Amino acid sequence: MDHVNKAGTGTLTLAALGIVYGDIGTSPLYAFKEAFAGSHGLAPTEPNVLATLSALFWAMTLIISIKYVWVMLKFHNDGEGGVLALTALANRTAPKATRWKILIATAGIFAAALFYGDALITPAISVLSAVEGLSVAAPTLEHLIIPITIGVITGLFFIQRHGTGSVGKLFGPVTLLWFAALATLGVVSIAETPSVLFALNPMHAIRFAIEHPTGMFLLLSAVFLALTGGEALYADMGHFGAKPVRLAWYGLVCPALLINYFGQGALVLRSADAIQNPFYLMSPDWFMLPLVALATAATVIASQATISGAYSITLQAMRMGYLPRLFIQHTSDSQRGQIYIPAVNWTMLVGVIILVLEFETSGALAAAYGIAVSGTMIITTLLTILITLMKPGRARALVLSALLLFLMLELMFFGSNLTKLFHGGWMPLVFGLFLFVMLSTWKQGSVLIAAQRRKLDIPMDLFISSTHSEIPRVQGTAVYLTADPSFVPSALFHNLKHFKVLHEQTLFLHVVTADVPYIDASKQLTVKQLAPGMYDVALHFGFRQEVDIPAAMENLAAHGLEIEPMSTTYFIARSSVVEGPGGMPAWRCALFSWMTRQSEGATSFFNLPANQVVELGTKVML
């Protein structure tokens with residue numbers, strides 16, 4: 001994996017603690033107590049506590065320890081994980097039938113849309129649950145919980161534009177301290193009530209399910225809160241590689257989390273009243289305020305990982321043609337993965353603050369949590385099943401059996417989470433559906449525009465064979481950006497209409513985004529001579545790479561094509577969309593037109609020199 005740092009395994013494992021496990025690592029703040037909260041909450045009796053812990057232990061073992069950390073890390077796209085990377089991999093593996101491609105793409109972009117819903121809830125519920133420790137440590141400060149939460153969240157989003165490189169160096173050590181605190185608090189509590197360890201026996205959960213099937217079904221939605229970092233874990237594997245991610249999980253994260261959950265259960269067995277906030281009530285009084293501070297730092301790290309994930313998936317969606325070009329700021333000279341997207345940042349900030357003000361407590365927010373994540377998990381499993389079916393291998397039957405088991409469990413979790421639909425669960429679904437409409441509208445509109453241009457534009461081979469030889473030439477190089485190299489770019493027509501000349505060297509350049517995350521610089525350029533002085537140039541980039549056309553074109557000399565950068569002019573066609581007959585409904589056409597206007601110009605998106613770009617307008621009817 002060329003793009004993974006060459007740092008030692010220990011360094012990468014420490015770094016993975018903060019980035020990969022920040023989300024799931026803060027679940028003990030709210031997951032266990034939610035099983036006993038709300039109108040459907042269980043009574044904090046010994047059988048119920050043991051059944052809850054038993055279900056939580058085996059759910060975490062099956063879904064996180066086995067499915068994600070062991071199985072899913074093997075299903076990577078050139079080292080990259082996440083639902084969009086998996087979608088690209090499934091698309092390559094699937095049969096060539098168009099219906100399969102459409103189905104895979106639809107599932108992938110819907111899962112990506114649901115991810116954004118999760119990305120909004122995670123900062124809200126994590127930071128709010130940490131700051132709520134004030135109500136235990138200093139009850140007189142309880143009225144400050146909401147203002148402090150909003151202040152912390154606002155500060156977090158405001159520092160994004162400065163990059164997270166310097167702060168990120170603290171992520172690993174702070175998260176290491178956090179997991180050490182989780183384990184220590186849990187060990188002390190378990191030592192007082194070791195009988196809680198009987199919950200390791202799955203019969204406690206099975207007996208509860210047999211005796212109270214409805215109660216177990218409702219309990220699953222609370223248990224699922226302990227699993228909500230699974231998708232983030234898979235999405236972030238590309239930053240570190242599978243080995244450090246596995247080492248961190250099996251060596252520290254999983255034991256610390258389970259010990260803490262069992263410690264909370266032990267406390268409730270000793271005192272049922274502790275169910276109000278078992279995490280903080282495990283702490284001795286002298287450590288309460290430092291624990292609130294440490295928990296807040298840990299939740300900020302978890303939120304940062306989610307925000308970075310939202311930037312990353314937005315970049316991938318743009319590269320794969322599901323979003324218009326947005327302004328991207330690279331915040332590090334050495335780490336290309338560190339980016340900042342203002343449009344995403346400020347939209348998320350507004351959304352997170354609205355969530356905090358609307359729901360006010362982590363318990364209320366927990367009702368909105370789970371549906372989006374469990375939906376994404378199901379789509380991930382289905383795509384993995386498809387890939388497994390298409391690939392030969394001796395272990396295929398075993399892997400498929402395991403995936404079907406995971407799918408059955410995830411469907412149960414999804415069904416349980418649906419019981420929260422009218423208690424806040426509708427929010428991530430509505431938000432996800434809205435984003436799905438936007439993503440699919442942009443893709444469909446782009447396809448229709450390309451189809452319209454193919455009807456109107458002249459085939460390139462016809463232009464080359466007939467027209468170009470009669471046109472006068474002028475000095476310099478002209479680069480025409482085109483989406484379809486088989487047709488003459490509309491910008492060239494406008495240029496010929498106004499200036500009636502061609503340049504000495506004319507390059508028809510198109511950018512090809514591959515289904516892999518990275519393409520080596522030596523393989524990015526392909527050049528084909530169409531006629532004397534006229535060339536077809538293809539630039540190949542992975543879906544996680546920054547598209548820098550001038551930098552890539554520096555390698556043209558290796559293909560026998562010499563150009564002078566200062567005498568090169570880039571010609572771009574900028575389309576304006578108007579409603580026309582057929583194609584898309586009026587409302588969808590209006591949405592696509594609005595998204596087009598929000599799109600960043602090709603000049604900055606492709607890193608073109610602004611003083612060497614000529615934009616020519618075209619009108620397209622949909």
Of all residues in segment 273-297, how many are surrounded by fewer than 22 Cβ atoms within 10 Å (Cβ to Cβ), touching a Phe, Trp or Tyr at 6+ places or on another chain (Cβ under 8 Å) and either closer than 23 Å to residue 160 by Cα or basic (Lys, Arg) (or both)? 2
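One line per residue, one yes/no per condition, for (1) surrounded by fewer than 19 Cβ atoms within 10 Å (Cβ to Cβ); (2) among the small types (Gly, Ala, Ser); (3) assigned to a helix (DSSP H, G or I):
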site: 69; (1), (2), (3): no, no, yes
site: 72; (1), (2), (3): no, no, yes
site: 87; (1), (2), (3): no, no, yes
site: 96; (1), (2), (3): yes, no, no
site: 104; (1), (2), (3): no, no, yes
site: 107; (1), (2), (3): no, yes, yes
site: 112; (1), (2), (3): no, yes, yes
site: 116; (1), (2), (3): no, no, yes
Among the residues of segment 363-386, is there at least one that is under 25 Å from residue 591 (Cα atoms) and either in the same structural domain as residue 144 (by TED's automatic domain parsing) or buried (at least 17 other Cβ atoms within 10 Å of the Cβ) (or both)? yes
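One line per residue, one yes/no per condition, for (1) within 13 Å of residue 259 (Cβ to Cβ); (2) assigned by TED's automatic domain parsing to the domain that holds residue 414; (3) crowded, with 16+ Cβ neighbours inside 10 Å:
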| residue | (1), (2), (3) |
| --- | --- |
| 174 | no, yes, yes |
| 183 | yes, yes, yes |
| 191 | yes, yes, no |
| 208 | no, yes, yes |
| 220 | no, yes, yes |
| 230 | no, yes, yes |
Is there a residue being buried (at least 24 other Cβ atoms within 10 Å of the Cβ), modelled with pLDDT of 85 or more and not charged (D, E, K, R) anywhere in segment 137-149? yes
All conditions in (1) more than 19 Å from residue 252 (Cα to Cα); (2) hydroxyl-bearing (Ser, Thr, Tyr); (3) modelled with pLDDT under 85 are true of residue 13 except (1)
Scan (1) within 41 Å of the chain's Cα centre (by Cα); (2) buried (at least 19 other Cβ atoms within 10 Å of the Cβ) for the single condition residue 458 breaks and write down its number. (2)
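Here are some residues: 505, 475. Which one is farther than 26 Å from residue 595 by Cα, in contact with a strand residue (DSSP E or B) (Cβ under 6 Å, 6 or more places away or on another chain), surrounded by 20 or more Cβ atoms within 10 Å (Cβ to Cβ) and of a type outside the set (A, V, I, L, M)?
Details: 475 fails: surrounded by 20 or more Cβ atoms within 10 Å (Cβ to Cβ).
The unique qualifying residue is 505.
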Residues that are modelled with pLDDT of 85 or more, among the β-branched types (Val, Ile, Thr) and in contact with a strand residue (DSSP E or B) (Cβ under 8 Å, 6 or more places away or on another chain): does segment 339-350 have at least one? yes
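If you take just the strands (runs of 3 or more DSSP E) that sit entirely in segment 466-560, which of them hold at least 1 residues that are under 26 Å from residue 78 (Cα atoms) and in contact (Cβ under 8 Å) with a residue 60 or more places away in the chain? First the steps, then the outcome.
Details: elements: 473-481, 502-513, 525-531, 534-541.
Once the strands (runs of 3 or more DSSP E) in segment 466-560 are filtered for at least 1 residues that are under 26 Å from residue 78 (Cα atoms) and in contact (Cβ under 8 Å) with a residue 60 or more places away in the chain, what remains is 502-513, 534-541.
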Which numbered condition residue 413 misses (of (1) touching a residue at least 24 places away in the same chain (Cβ under 8 Å); (2) surrounded by fewer than 18 Cβ atoms within 10 Å (Cβ to Cβ)): (2)
Of all residues in segment 426-455, how many are small (Gly, Ala, Ser) and surrounded by fewer than 20 Cβ atoms within 10 Å (Cβ to Cβ)? 4
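Going by what's in this entry, would residue 408 be described as more than 21 Å from the chain's Cα centre (by Cα) and part of a helix (DSSP H, G or I)? Talk me through it step by step, then tell me what you get.
Numbers: more than 21 Å from the chain's Cα centre (by Cα): yes; part of a helix (DSSP H, G or I): yes.
Taking the combined requirement at face value, the residue satisfies it.
Scan 120, 103, 114, 84 and give me the residue that is touching a Gly at 6+ places or on another chain (Cβ under 9 Å), among the hydrophobic types (A, V, I, L, M, F, W, C) and more than 14 Å from residue 380 (Cβ to Cβ). Talk me through it step by step, then tell me what you get.
Numbers: 103 fails: touching a Gly at 6+ places or on another chain (Cβ under 9 Å); 114 fails: more than 14 Å from residue 380 (Cβ to Cβ); 84 fails: more than 14 Å from residue 380 (Cβ to Cβ).
Going through 120, 103, 114, 84 in turn, the sole match is 120.
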In segment 120-136, what residues are within 9 Å of residue 280 (Cα to Cα) and modelled with pLDDT of 85 or more? 133
If you check 268, 253, 300, which single one turns out to be farther than 30 Å from residue 540 by Cβ, buried (at least 20 other Cβ atoms within 10 Å of the Cβ) and under 19 Å from the mean Cα position of the chain (by Cα)? 300
Of all residues in segment 150-171, which are part of a helix (DSSP H, G or I), at pLDDT 80 or above and not hydroxyl-bearing (Ser, Thr, Tyr)? 150, 151, 152, 153, 155, 156, 157, 158, 160
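The values are calculated or read from the model by the stated rules, or taken from the named source; none is laboratory data. Since the structure is predicted, the reported quantities are computational estimates derived from the model, not experimental observations. Every residue, glycine among them, receives a Cβ derived from its backbone with ideal geometry; neighbour counts consider all protein chains shown.
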